[in-house]
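The values are calculated or read from the model by the stated rules, or taken from the named source; none is laboratory data. Quantities reported herein were computed from a predicted structural model and do not represent experimental measurements. Neighbour counts are summed over all protein chains in view; Cβ atoms, including those assigned to glycine, are modelled from backbone coordinates with ideal geometry. The area values use the complete protein model at the heavy-atom level, side chains included, leaving out ligands, DNA and RNA. Shrake-Rupley method; radii C 1.70, N 1.55, O 1.52, S 1.80 Å.
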Amino acid sequence: DLCQAYGIDDWIMFDASVVRGLAYYTGIVFEAFDRQGELRAIAGGGRYDKLLETFGGDPTPAAGFGFGDAVIVELLKERNVLPSFDSTGTDSVVFAMNQDLYKAAIDVASKLRGAGQNVDVVLEKKKPKWVFKHADRIGANYCVIVAPSEFEEGAVSIKDLTVGEQTTVPIESLASWVEDVKAKEAS
């Protein structure tokens, strides 16, 4: 009756033979399958009222589940809805030239994100060549370099990786720069 009330009765099948192999289950167990039933269980779980208590926690009724990525990937492939992952969707990579500029790099990344960009931040001691290769690998179009001399002047260097040009942009103008980039990409 409850399954009907929730509108999921077509998706539920009672099977008393389902057994989950973990000893901490204290009640009902369940498994989830694709509608055709061609794949092994996508997910499985159940009730485990004493699990937290076993590890020193307060007695807490609980239920949970887990699923495996391999079955999900196969199901997505079968349905032709698996994302390509060719690009990460990252617009810019922000790179601090030294550890003293890490906070500044985080601030720059925040400004870019606030203006609508997807940003990756490199806060490691890496050579610029590595950062440019990293940006290329993840499909970013821009590398924003926070360097001591430019930062002292309130600016950053931005390399357009699609054409190889590098410009200096005042930090307070980053939102305008993002708008210009969006306008250029839209045309």
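Is there a residue being in contact (Cβ under 8 Å) with a residue 12 or more places away in the chain and either in a helix (DSSP H, G or I) or among the aromatic types (Phe, Trp, Tyr) (or both) anywhere in the range 59-66? Taking every residue of the range 59-66 in turn, at least one turns out to be in contact (Cβ under 8 Å) with a residue 12 or more places away in the chain and either in a helix (DSSP H, G or I) or among the aromatic types (Phe, Trp, Tyr) (or both). Of all residues in the range 75-100, those that are open to solvent by less than 90 Å² (accessible area, probe 1.4 Å) and either part of a strand (DSSP E or B) or over 17 Å from Gly44 (Cα atoms) (or both) total 18. Please verify whether Phe151 is open to solvent by 20 Å² or more (accessible area, probe 1.4 Å) and touching a residue at least 12 places away in the same chain (Cβ under 8 Å), treating the condition exactly as stated. When the stated conditions are applied, Phe151 passes them. Restricted to the range 156-175, and to residues there that are assigned to a helix (DSSP H, G or I) and more than 25 Å from the chain's Cα centre (by Cα), the residue that is surrounded by the fewest Cβ atoms within 10 Å (Cβ to Cβ) is Glu172. The residue that is most open to solvent (accessible area, probe 1.4 Å), counting only those in the range 108-138 that are part of a helix (DSSP H, G or I), within 17 Å of Ala175 (Cα to Cα) and in contact (Cβ under 8 Å) with a residue 40 or more places away in the chain, is Lys111.
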